Amino acid sequence: MSGSLFAYGTLQLPEVLQAVVGRDFPGQNARLQGYACYALRGQVYPGIRPWPGAVTAGILYGGLDEAAWRLLDAYEDAIYRREVLTVLADDGRHHAAAVYVVQAAFYGCLSGQPWSMTAFRRRHLQRYLAELNVSMFTGKRLAPQSPGSGSNTPAQGVPQRLHAP
């Protein structure tokens, strides 16, 4: 499957996309209507869920191939499901794009607080890239937890890609 990806979180940053898939793809600003973007509890990255009237801004990347999709699917945590949705790009056209959406069983992992790209860049980007490069190189990822399992922490049920300090 070749196609487009709508990125609303860390993958909006070319350096993160490059670290995950090993190359760059052309991108343009786009918006996804009817979905809200929130910080995940105890994490440095966000998730989206359907929300009437909400709009989520992001980047629409085109030309992704099977190899890129395999790497992206491995990168994204188990709380996400890849769905094809329609986004409105800055070129004024609607585009079908794959979007990683938080599954309903994991809505409780969303903090209800907006996620900030500015804060992520300032506080977490360098460490995130360093840890991402190590995990992608070694192939080691921590196993995700299911909702209600594990300890009673704010990050309960959220896979452990990278916790906020």
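What to note about this one:
- Sites VAL134 and ASP24 - FRET efficiency at Förster radius 22 Å, r taken between beta-carbons, to 0.05: 0.55
- Zone residues, segment 15-43, relative to GLN126, backbone N less than 17 Å from point 7 Å out along Cα-to-Cβ: 15-16
- Each of LEU72, PHE25, SER111 was placed along the dipole of segment 3-138 (beta-carbon charges, centred on the mean Cα), and the one lying farthest toward the positive end is SER111.
- Segment 3-138, relative contact order [Cα under 8 Å, separation at least 6], %: 32 percent
- Under 15 Å, Cβ to Cβ, from TYR35 - net charge with Lys/Arg +1 and Asp/Glu -1: +3
- Projected-area mean, segment 3-138, by convex hull of Cα positions, square nanometres: 7.9 nm²
- Sorted peptide list for 61-72, 9-20, 116-127, criterion being average Cβ within 10 angstrom, highest first: 9-20, 61-72, 116-127
- Sequence-separation-based contact order of segment 61-134, relative, with Cα cut under 8 Å and 6+ spacing, percent: 21 percent
Quick note: the coordinates plus some simple rules give every number you see, no bench work behind them. What you see is a predicted model; the values in this text were computed from it and never measured. In this analysis, Cβ positions are derived from the backbone assuming ideal geometry, glycine residues included, and neighbour counts consider all displayed protein chains.
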